[in-house]
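Colleague: I am attaching a structure below and will ask some questions about it afterwards.
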Amino acid sequence: MATAAPIKGIHWPRTLRARLFIILLAGLAMAHAMSFAVLFSERYLAARSVMFNTLETDVATSIAILDRLPAAERAAWLHRLARGSYRFVLGPGLPGNPELEPADAEVASKIQAAIGAKYPIKVESIPGAARHLQAHLRLSDGEPLTIDVTPRGVMPVADWLPYVLVAQLFLLVLCSWFAMRQAIRPLANLARAADTLDPNSNTPRLSETGPTEVAYAATAFNAMRDRIAQYLEERVQILAAISHDLQTPITRMKLRAEMAEDSIDRDKLVQDLGEVERLVKEGVAYARSAHGNHEQASRIDLASFIESLAYDYQDTGKAVTIEELGDGAIVTRPHALRRILTNLIDNALKFAGSAEIEVQRQESAVFIRVLDRGPGIPNSQLQAVLQPFFRLEQSRNRETGGTGLGLAIAQQLATAIGATLTLRNRVGGGLVAEIALRQ
């Protein structure tokens, strides 16, 4: 069970399911205990009333019989008149203590009420480990008679009763667990759907069936998901429109600048316009990498795909080599995967001048690594560099710092194709960018 948090002196579990389970089980158990206590009390009072009424009747009848029998025949009747909790003894009996406990005093009062005033009686408690009473009286002819009483439990517990109680407790636990499971399952499904919310993916929508409250929450969540997808689509369309509208004035400005007389200012202006144009294009590319990528997955030969990518770089004179190449086919979005690897290789070429590619296949995943021997990245910033517009080189020089979107685009596309992008520093210097594709 999850770690507990103290709340007003009570250590509650952290999960809602466990808390509701404990509350429901405790309530049901207390209600069951109260019902059992009431029934037991009612049965106890009824059994005691029946026992005392029977005691009064039997004792009165037995003494009347013994008093009317001849003295010589009384001994033969003693075993006939004996009962489970008392018997009759001819003689004065044993010496005892006249001071009685409240429970013994009640039994003595019932015996006195049964005998009446005709036979003076004295009741004493006999010392011993168990409860033991003796009532002393004399019959009409003066012969002493002792009523030897060993009070028993009013209502002995049946042997099968503990098993019934255990079965009932087990049934309470089972019903409480099932109730909590049914109550928490929709909430858990909603939490998982919110945690993996991706309007672009083909994940199934939440089921809108079940209890009214659950169906309403699922409907509202699905509607929210649709609205988010619509907003993201509108964002891409706006950025695409802005990019399209900016292309024309930027192109005109570049042409005018190039037609101007040669000067240092003209070269700087052309360079700045090129950087603005590249920034606009990469901004739109980043937006589209997060949304709007409707490329269908297809089966590709991984070795041929990596070799083709490396040969394209080598044809342009770039130092891109393949160190290890796993074979086999994978199912993925090839254009998105190519853009990811291109961004990673470009990043390695920019900071190290060369890049190495490794491909390893394991049982449930394919790992594609792009390695370099550049300066690497501080460990504290390995995650930060995957955020948009974050640059380790804080200057505004695009040649050294870039736009800060290359790795962010790779990260977004990796998420879109169901892969994981991880950066770590290489032993001996440099960086390793690893893409894990689950198959």
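The values are calculated or read from the model by the stated rules, or taken from the named source; none is laboratory data. None of these values were measured; they are calculated from a predicted model. No Cβ is skipped: glycine too gets one built from the backbone with ideal geometry, and neighbour counts run over all protein chains shown. What goes into the accessible areas is simple: the full protein's heavy atoms, side chains included, and nothing from ligands, DNA or RNA. Shrake-Rupley method; radii C 1.70, N 1.55, O 1.52, S 1.80 Å.
Colleague: Somewhere in the stretch 114-123, is a residue within 14 Å of residue 147 (Cα to Cα), of a type outside the set (Val, Ile, Thr) and outside any loop (DSSP other than H, G, I, E, B)?
Modeller: Looking through the stretch 114-123, at least one residue is within 14 Å of residue 147 (Cα to Cα), of a type outside the set (Val, Ile, Thr) and outside any loop (DSSP other than H, G, I, E, B).
Colleague: Another one. Quick one: residue 180 ticks every box in (1) within 30 Å of residue 217 (Cβ to Cβ); (2) at pLDDT 85 or above except a single one, so which number is it?
Modeller: Among (1) within 30 Å of residue 217 (Cβ to Cβ); (2) at pLDDT 85 or above, the lone unmet condition for residue 180 is (2).
Colleague: Still on this structure, please answer the following. Specify the residue that is most open to solvent (accessible area, probe 1.4 Å); the eligible residues are those in the stretch 403-435 that are out of contact with any helix residue (DSSP H, G or I) (no Cβ under 9 Å at 6 or more places or on another chain) and hydrophobic (A, V, I, L, M, F, W, C). Steps first, please.
Modeller: So the first thing to find is which residues in the stretch 403-435 are out of contact with any helix residue (DSSP H, G or I) (no Cβ under 9 Å at 6 or more places or on another chain), and the list is 418, 422, 426-429, 432, 434.
So of that shortlist, the ones also hydrophobic (A, V, I, L, M, F, W, C) come out as 427, 432.
Working: 427: 132, 432: 8 Å².
Here the residue is 427.
Colleague: Out of the stretch 59-92, which residues are in contact (Cβ under 8 Å) with a residue 40 or more places away in the chain, open to solvent by 40 Å² or more (accessible area, probe 1.4 Å), under 21 Å from residue 141 (Cα atoms) and of a type outside the set (A, V, I, L, M)?
Modeller: 87, 92, listed by residue number.
Colleague: Restricted to the stretch 183-217, and to residues that are within 28 Å of residue 417 (Cα to Cα) and among the acidic types (Asp, Glu), which residue is modelled with the highest pLDDT?
Modeller: 208
Colleague: Go through (1) at pLDDT 85 or above; (2) out of contact with any Gly (no Cβ under 9 Å at 6 or more places or on another chain); (3) open to solvent by 10 Å² or more (accessible area, probe 1.4 Å) and name the single condition residue 375 misses.
Modeller: Of (1) at pLDDT 85 or above; (2) out of contact with any Gly (no Cβ under 9 Å at 6 or more places or on another chain); (3) open to solvent by 10 Å² or more (accessible area, probe 1.4 Å), only one is false for residue 375: (2).
Colleague: Might you check whether a residue that is of a type in the set (Ser, Thr, Tyr), in contact (Cβ under 8 Å) with a residue 60 or more places away in the chain and open to solvent by 60 Å² or more (accessible area, probe 1.4 Å) occurs anywhere in the stretch 42-52? Before you say what the answer is, go through the steps one by one.
Modeller: Residues of the stretch 42-52 of a type in the set (Ser, Thr, Tyr): 44, 49.
Imposing the further condition that a residue be in contact (Cβ under 8 Å) with a residue 60 or more places away in the chain reduces the set to 44.
Next, only the ones that are open to solvent by 60 Å² or more (accessible area, probe 1.4 Å) stay: 44.
Yes.
Colleague: List the residue pairs whose Cβ atoms are under 7 Å apart, where the first residue sits in the stretch 351-367 and is farther than 18 Å from residue 430 by Cα and among the small types (Gly, Ala, Ser), the second is open to solvent by less than 60 Å² (accessible area, probe 1.4 Å) and assigned to a strand (DSSP E or B), and the two are 6 or more positions apart or on different chains.
Modeller: Hits for this filter: 365/436; 365/437.
Colleague: For the stretch 336-350, state whether one or more residues are at pLDDT below 90 and part of a loop (DSSP other than H, G, I, E, B).
Modeller: No, the conditions are met nowhere in the stretch 336-350.
Colleague: Being without any contact (Cβ under 8 Å) to a residue 24 or more places away in the chain, in contact with a Leu (Cβ under 7 Å, 6 or more places away or on another chain) and not in a helix (DSSP H, G or I) is the filter here, so list the residues in the stretch 373-393 that pass it.
Modeller: Result: 389, single match.
Colleague: Could you look through the stretch 127-144, keep only residues that are assigned to a strand (DSSP E or B) and of a type outside the set (Lys, Arg), and pick out the one that is surrounded by the fewest Cβ atoms within 10 Å (Cβ to Cβ)?
Modeller: 144
For (1) surrounded by fewer than 14 Cβ atoms within 10 Å (Cβ to Cβ); (2) in contact with a Phe, Trp or Tyr (Cβ under 7 Å, 6 or more places away or on another chain); (3) free of Cβ contacts under 8 Å to residues at least 12 places away in the same chain, each residue gets a yes or a no:
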position	(1), (2), (3)
243	no, no, no
254	no, no, no
259	yes, no, yes
266	no, no, yes
270	no, no, no
277	no, no, no
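Colleague: Here's something else I'd like to know. Which residues, counting only those in the stretch 107-126, are in contact with a Leu (Cβ under 9 Å, 6 or more places away or on another chain) and either open to solvent by 60 Å² or more (accessible area, probe 1.4 Å) or in contact (Cβ under 8 Å) with a residue 40 or more places away in the chain (or both)?
Modeller: 107, 110, 111, 114, 115, 119, 120, 122, listed by residue number.
Colleague: Please enumerate the residues belonging to the stretch 299-326 that are within 46 Å of the chain's Cα centre (by Cα), more than 22 Å from residue 432 (Cβ to Cβ) and surrounded by 11 or more Cβ atoms within 10 Å (Cβ to Cβ).
Modeller: 300, 301, 304 - these are the residues of the stretch 299-326 that are within 46 Å of the chain's Cα centre (by Cα), more than 22 Å from residue 432 (Cβ to Cβ) and surrounded by 11 or more Cβ atoms within 10 Å (Cβ to Cβ).
Colleague: Any residue at all in the stretch 354-372 that's at pLDDT 90 or above, part of a loop (DSSP other than H, G, I, E, B), open to solvent by less than 30 Å² (accessible area, probe 1.4 Å) and at negative phi?
Modeller: Within the stretch 354-372, one or more residues are at pLDDT 90 or above, part of a loop (DSSP other than H, G, I, E, B), open to solvent by less than 30 Å² (accessible area, probe 1.4 Å) and at negative phi.
Colleague: Does residue 168 count as at pLDDT 80 or above, under 48 Å from the mean Cα position of the chain (by Cα) and in a helix (DSSP H, G or I)? First the steps, then the outcome.
Modeller: On the way: at pLDDT 80 or above: yes; under 48 Å from the mean Cα position of the chain (by Cα): yes; in a helix (DSSP H, G or I): yes.
Here the answer is yes, as residue 168 does meet what is asked.
Colleague: Yes or no: the stretch 302-311 includes at least one residue that is part of a loop (DSSP other than H, G, I, E, B) and under 21 Å from residue 420 (Cβ atoms).
Modeller: No, there is no match, as no residue in the stretch 302-311 is part of a loop (DSSP other than H, G, I, E, B) and under 21 Å from residue 420 (Cβ atoms).
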